[in-house]
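One structure below.
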Amino acid sequence: MEAAIRWSPLSTPDRARFLLADVAGNALTLYEAGSLNRHGIQYKPIARREKVNNFTAFDWSKTDDSLVALGLSSGNAELYRFDGSDSSDPVALFNIKTQRRCNTIAFNTQNLLAVGLDRVRHDNCLTVYDIESNDAYSRLCVSEAVTSLRFFPNHPQQMLAAVSRQTIRLYDLRGRLKYSSRHIIMFEVTS
């Protein structure tokens with residue numbers, strides 16, 4: 001992926017925004033879309049963050065369209081805010097113990113951020129952070145690569161995770177089982 005475009009989950013017809021994530025150029029640009037006519041869509045840049053760290057995954061907050069999370073090639077995660085300031089510095093950083101690639105990152109609607117990483121022995125590859133306190137909310141998937149994550153919009157404490165390229169798991173984060181690897185349902189993928 002050299003670049004990707006993502007529409008804001010909070011866009012409305014009166015205020016449509018999209019983000020251009022330039023992976024090759026290590027930059028994020030926020031645009032506001034204007035009128036749509038037969039010649040295309042009119043849009044203008046609102047804010048830009050340059051020289052961000054090498055990232056391999058990104059997601060946009062489901063509750064605050066000024067907040068974007070990046071999953072870095074080191075496995076760490078960073079939060080960037082597009083609120084009118086010109087600072088290109090992250091507003092929060094979530095560090096991991098053993099560096100490896102971040103494969104996926106996902107916000108829920110209750111200020112949780114899930115980060116899925118490549119496999120490394122004896123370490124969690126899925127960590128859910130509370131972005132308000134910057135603390136780990138839950139650590140899951142010991143020694144199992146996590147390649148994809150999604151929260152359910154209507155059930156923000158439930159999350160689907162693609163694990164070890166052969167399993168899909170449904171996790172229920174209610175009860176805050178901080179280091180548990182218990183899941184509700186697991187689907188094995190066979191070929």
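The values are calculated or read from the model by the stated rules, or taken from the named source; none is laboratory data. Everything quoted here is computed from the prediction, not taken from an experiment. Heads up, the Cβs are rebuilt from the backbone with ideal geometry, glycines too, and the neighbour counts pull from every protein chain shown. Please note that ligands, DNA and RNA were not included when accessible areas were found on the heavy atoms of the full protein model with its side chains. Shrake-Rupley method; radii C 1.70, N 1.55, O 1.52, S 1.80 Å.
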Among the residues of region 76-98, write down those that are surrounded by 15 or more Cβ atoms within 10 Å (Cβ to Cβ) and not aliphatic (A, V, I, L, M). Asn76, Glu78, Tyr80, Arg81, Phe82, Pro90, Phe94
Lone qualifier among Leu113, Leu117 - being out of contact with any helix residue (DSSP H, G or I) (no Cβ under 6 Å at 6 or more places or on another chain), touching a residue at least 40 places away in the same chain (Cβ under 8 Å), closer than 15 Å to Val163 by Cα and surrounded by 21 or more Cβ atoms within 10 Å (Cβ to Cβ): Leu117
Note on region 159-186: residues modelled with pLDDT under 70 and not hydrophobic (A, V, I, L, M, F, W, C) are Gly175, Arg176, Lys178, Tyr179, Ser180, Ser181, Arg182, His183
Looking only at residues that are out of contact with any Gly (no Cβ under 8 Å at 6 or more places or on another chain), under 16 Å from Ala3 (Cβ atoms) and of a type in the set (Val, Ile, Thr) in region 16-65, which one is most open to solvent (accessible area, probe 1.4 Å)? Val23
Select the strands (runs of 3 or more DSSP E) contained entirely in region 29-99, then report the ones holding at least 3 residues which are touching a Cys at 6+ places or on another chain (Cβ under 9 Å). 55-60, 67-72
Number of positions in region 144-165 that are touching an Asp or Glu at 6+ places or on another chain (Cβ under 7 Å) and either over 26 Å from Arg81 (Cβ atoms) or aromatic (Phe, Trp, Tyr) (or both): 4
In this structure, does Arg169 turn out to be of a type in the set (D, E, K, R) and exposed (fewer than 15 other Cβ atoms within 10 Å of the Cβ)? no
Hydrophobic (A, V, I, L, M, F, W, C) and over 22 Å from Asp22 (Cα atoms): does that describe Ala136? yes
